[in-house]
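First the structure, in the form of structure tokens, and then the observations on it.
The values are calculated or read from the model by the stated rules, or taken from the named source; none is laboratory data. Only a predicted model underlies this, so the values are computations on that prediction, with no experimental measurement involved. Backbone-built Cβ (ideal geometry, glycine too); neighbour counts: all protein chains shown. SASA here: full protein model, heavy atoms, side chains in, ligands and nucleic acids out. Shrake-Rupley method; radii C 1.70, N 1.55, O 1.52, S 1.80 Å.
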Amino acid sequence: MNLTIDHVSKRFGNKIALEEVTLVLTTGVYGILGSNGSGKTTLMRILASVMKPTTGTVYLNGQDIVQMDHQYRELIGYLPQHVGLYKNFTAEKLLKYTAALKGLAKEETNKKVAEVLTLVGLSDVRKGKVGKFSGGMKRRIGIAQALLNDPKILIVDEPTAGLDPKERIRFRNLLSQISKDRIVLLSTHIVSDIEFIAKEILMLKNGKMISQETPQTLLKGIEDKVWSVLVTEEEMLYYQNNFKVGNINRVQDKCNIRMVSDSKPHETAVREVPNLEDLYLYYFDEEQPEHATT
Ligand SMILES: Nc1ncnc2c1ncn2[C@@H]1O[C@H](COP(=O)(O)OP(=O)(O)O)[C@@H](O)[C@H]1O
Ligand SMILES: [Mg+2]
């Protein structure tokens with residue numbers, strides 16, 4: 001299976017939300033990384049076929065998805081960034097209702113609902129009202145809904161927003177588990193969400209796909225750019241204004257600051273092993289502090 005995105009652009013009036021995006025996706029988890037407004041949701045809506053590109057074409061195994069129409073939609077599971085759940089429905093009822101909307105046959109529905117409930121680990125609470133569920137459980141029921149039609153392509157937009165760390169891990173593992181024979185696309189601006197499960201990371205910046213690489217290759221690309229320096233509090237301001245600064249640790253009366261920089265920031269700077277947080281900082285930091293001058 002391959003999903004080919006061929007020179008896809010999307011405009012909203014004068015605003016170019018996506019510009020000439022070209023990619024080929026096969027089975028596995030892909031992480032779409034980009035700051036707010038970079039075009040993640042727009043790309044996902046196009047791939048979920050709820051929106052058409054202004055120019056360019058998406059092909060599934062060589063067929064234009066716009067022409068495939070409902071044939072394509074049947075292969076899609078889409079969990080939008082903001083979903084409303086019927087609060088008074090039980091988990092089971094909600095899934096049965098969704099199954100009916102998706103046109104699943106009655107005989108098939110019970111079996112399928114039980115199957116997805118097990119998969120997302122909510123069988124025990126199937127009689128519980130979804131309005132009472134935790135954030136993580138709500139996200140999992142959302143995934144269960146998206147999985148009812150056994151989609152070949154699963155698209156989840158910022159699924160871990162608002163989840164606690166434990167729920168996040170559980171959710172990641174769930175996505176990883178179901179990606180065996182599917183394309184799973186996951187957008188996030190939280191790098192740890194995709195660090196361990198993504199086969200490739202797609203980096204979107206101002207509507208442009210700036211890279212499509214494995215996490216390992218991306219990290220290798222910045223292996224000589226991550227540093228830490230021990231500085232005084234007065235010196236810290238200088239670094240914060242002139243470098244892409246990550247974590248700051250207080251060490252007695254000094255501060256150890258981590259930063260990404262093409263050149264060695266100070267003669268005492270020590271090289272650090274890069275992680276994806278550094279990567280994010282390296283590519284996206286300029287959108288962060290409008291630094292306080294004068
Ligand atoms: N329906 C729309 N009408 C006008 N502008 C839009 C619309 N949807 C998205 N945009 C704009 O397109 C850009 C990309 O948005 P979006 O895809 O939502 O980014 P992300 O999901 O990465 O935050 C933003 O500048 C946003 O304001
Ligand atoms: Mg979005």
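At a glance:
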item: Across LYS10/LYS132; LYS106/LYS132; LYS132/LYS166; LYS138/LYS220; LYS93/LYS166, pairs whose alpha-carbon gap is larger than 29 Å; result: LYS10/LYS132; LYS138/LYS220
item: Integer Hz, Karplus 6.51/-1.76/1.60 couplings in order for segment 47-55, x for Gly and Pro; result: 5, 7, 6, 9, 8, 9, x, 6, 9
item: Lys/Arg +1, Asp/Glu -1 at C-beta; segment 222-287 dipole; positive extreme among GLY246, VAL273, MET259; result: VAL273
item: Diffusion coefficient, µm² s⁻¹, Stokes-Einstein with Kirkwood Rh over alpha-carbon pairs of segment 204-262 at 20 °C and 1.002 mPa s; result: 162
item: GNM top mover of MET259, MET236, MET137 - the chain, alpha-carbon springs below 10 Å; result: MET236
item: 3J(HN,Hα) from dihedral phi, segment 68-82, Karplus parametrisation 6.51/-1.76/1.60, rounded to Hz, x for glycine, proline; result: 5, 6, 5, 4, 6, 4, 5, 8, 9, x, 10, 10, x, 4, 10
item: Whole-Å distance, taken between Cα centres, linking segment 123-193 and segment 222-290; result: 34
item: Cα gyration tensor, segment 61-217 - rounded (a/c under 1.5), prolate or oblate; result: oblate
item: Whole-number D in µm² s⁻¹ for the chain, Kirkwood Cα-pair radius fed into Stokes-Einstein, 4 °C, 1.567 mPa s; result: 62
item: Top of VAL184, VAL273, VAL245 by mean-square fluctuation, Gaussian network on the chain, Cα under 10 Å; result: VAL273
item: Mean projected area in nm² (Cα convex hull; one quarter of hull surface) for segment 1-59; result: 4.1
item: Candidates ASN206, ASN247, ASN36: whichever shows maximal mean-square fluctuation once the chain is modelled as a Gaussian network with Cα springs under 10 Å; result: ASN247
item: Extension gain from GLU233 to GLU115, taking 0.36 nm per residue of separation minus the Cα-Cα distance; result: 36.8 nm
item: Magnitude of the charge dipole, segment 3-219, Cβ model with Lys/Arg +1 and Asp/Glu -1, debye to 20; result: 880
item: Solvent-accessible area per residue for segment 3-219 (1.4 angstrom probe, square angstrom); result: 47
